[in-house]
Each structure stands twice: as C-alpha cells, then as structure tokens.
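For reference, the structure discussed in these notes is given below.
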Amino acid sequence: MKSELRDHGEVRIIKLSGKITIGTGDVKLRELITEALDQNRSKLLLDLGAVSAIDSSGIGEMVACYTTVTKRQGQLKLLHLSPKINDILQVTQLITVFDVFEDEGEALASFS
Amino acid sequence: MAVPAPLRSHLILSSRFENIEVAERVLLDLCQRASCEGEDQYWLVTALREALANAIRHGNQQDPSRKIRVDMGIDDDHVTIRVEDEGRGFDPAGVPDPTSPENLLRPSGRGIFYMRQFMNRVDFQQAPGGGTAVVMERRLRRPARSASNEE
C-alpha cells in the first residue's frame, strides 16, 4: 500500500493506493493515523479511490483507527469508495459507522 | 471426444503472510486460464485471502514451520478452494456475529463472515492432523471456459 498526505486547513487528507491487507497495509494504515494524531491532526479524511482491495484485517484496522480518533475527540471520514469497497462496507454494516463522501469539497466542509 | 480437464492447483506453504500473495497469484492464473474474471475473480481472491489469513494467524499461530495446504480447482461452473492448517481446530459457531450492534466496532472477527458473504458454500472440517480445513465453493456467474490441460 502507498500513501500521499496533504493538509487542507485542519484536515489531513490521506490518499491510499494498493491493498489494505493483513501484514502490510493494515500496519501502514495504523502508522499513518498514529503519526497524524502525534502531530495533533485529528480531522482525518481517508481517500480510498485508488485502493484495489481491503480484507477483513484492513477493515478491522480502519474500525480501530476510527475508535482511536473518536476517543481523541477527532473525526475520521472516508472519501471515494470504489463499488467493491462500498459493497464490503454495506455487508459488514460499517457503512452506518463511517461518514462517506464522493466529493472532496463536501467532505472537507463537513468537518466541524 | 475428450472430456475437458478441470484446472487444479495444489500448494504447500509455510505460515507467512507474504505467502498469501503467492496463493493469490496461482488462483489468478487459474482464473485467467478459465476466463473467470470480474466479480467472480475478485471475490474468489478475497475469500482465499481470508481463509489463508485465518489459517496462518489463528490456526498455525504464525509459526513458519507449520504448513498450509491449499487446493484450488475450477470446473465448468464452479470453483472449489480448500485451505488446511496444522492448528488445534476451532468451533466456527463460537465466532460472534460481527454485524451485531455490540460487535460492530470490534477490530477483528470478520474473516469468516467475509468468506460466507462471497462464497456459495463454506464448510469447516477437522483436518486429518487435527487442524482445520475450510472448504469453499462459488458458482460462477458465467461458466468458465473449458480447460484442455491439467496441473
């Protein structure tokens, strides 16, 4: 998995690409979120538009990150879900947990 | 007239997460040779990865000296995948429903749920050595192209 970071005001946009899967992608995701929180960045937007696959470990890590960020009074939101990742979030019912956006401008405006 | 042979593959892997990539490449090769693509191919790979991750992490406790045996086969209209570990076995009925509200924010416990969503049949059996063998089948949306060779 690869990542690109971009800060827009108080929001950190983390653009991910490749696989968020066990052993590599899930660990990297945790490190990116920890790094942002350590830098007092707690408004986070995960851009998943270039993610080709996410397994249950990757989904689990995303949930763990959501919980960690929320406990720190932050917000973690998702941008650009592919149809298959959308399917996965639907069947796991995690679509009810995450705020999901198709438009970056709308996503940025939603952070309070 | 010769009956087309099914496509088959058998792998023995050490319990390392990077070997999931090896098994995925073999499955993708079988799929390509059978013209099994798109949604079918994507969800087959997803289910295979989950079965292997469970076998490596929970079954074999990430002990590289323990082996994972993988059998994959594509017949005319369905794909069968069997993944066997050398662990102590487990009761799948004891895994809580990850979609229950109280479990929704748990960071783990979705692997078997994943497999059951994407495959038509998922059975857990006791392997001859006492470990777990998971057998999964998926009916293809479009029958695979007949294969003329066998591995």
Extension length gain for B:R139 and B:D91 (0.36 nm per residue less Cα distance), in nm, is 14.7 nm
Once B:S35 and B:Q61 are pulled to full extension, the length gained, defined as 0.36 nm per residue separation minus their Cα-Cα distance, is 5.8 nm
Restricting to Cα pairs under 8 Å and 6 or more apart, the percent relative contact order of chain A works out to 25
Exposure proxy check on A:K28, A:K2: fewest-to-most Cβ neighbours within 10 Å is A:K2, A:K28
Surrounding charge for A:L44, neighbours by C-beta under 15 angstrom, Lys/Arg +1, Asp/Glu -1, total 0
Quick calc, the protein assembly as shown, dipole around Cα centre from Cβ unit charges on Lys, Arg (+) and Asp, Glu (-), nearest 20 debye, gives 300
DSSP beta bridges in the protein assembly as shown: the antiparallel percent, rounded to 5, is 70
Rh (Kirkwood, all Cα-Cα pairs) for the stretch A:2-105, Å, reads 13.5
Extend 7 Å from the Cα of A:E102 along its Cα-to-C-beta direction; within the stretch A:32-73, residues with backbone N under 19 Å of that point are A:46-51
The stretch B:91-136 -> Rg/Rh from Cα coords, Kirkwood Rh, value 1.03
Cβ density ranking, 10 Å radius, fewest first, applied to B:H10, B:H58 yields B:H10, B:H58
For the pair B:R116 and A:I95, the simple spin-label estimate (label points 7 Å beyond Cα toward Cβ) gives in nm 2.0
Under the helix-only model (-39500 (n - 2.57) for each DSSP H run of 4 or more, divided by the residues of chain B), the mean residue ellipticity at 222 nm, to 500 deg cm²/dmol, is -8500 deg cm²/dmol
1/(1 + (r/R0)^6) with r = Cβ-Cβ of B:V22 and B:T99, R0 = 22 Å, i.e. FRET efficiency to nearest 0.05, evaluates to 0.10
Env charge @ B:G109, Cβ radius under 15 Å, K,R +1 / D,E -1, value -3
Quick calc: nm separation of the 7 Å Cα→Cβ label points for A:K71 and A:S110 -> 2.4
Footprinting proxy, A:I14, B:I12: sorted fewest to most Cβ within 10 Å, the residues are B:I12, A:I14
Extension length gain for A:S52 and A:K2 (0.36 nm per residue less Cα distance), in nm, is 16.9 nm
Using alpha-carbon coordinates alone, the radius of gyration and Dmax of chain B in Å work out to 15.8, 58
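Just so you know, all these numbers are worked out from the coordinates, no wet-lab data involved. Predicted, not measured: the structure shown is a model, and the values here were computed from it. Positions of Cβ are generated from backbone atoms using ideal geometry, with glycine treated the same way; all protein chains shown enter the neighbour counts.
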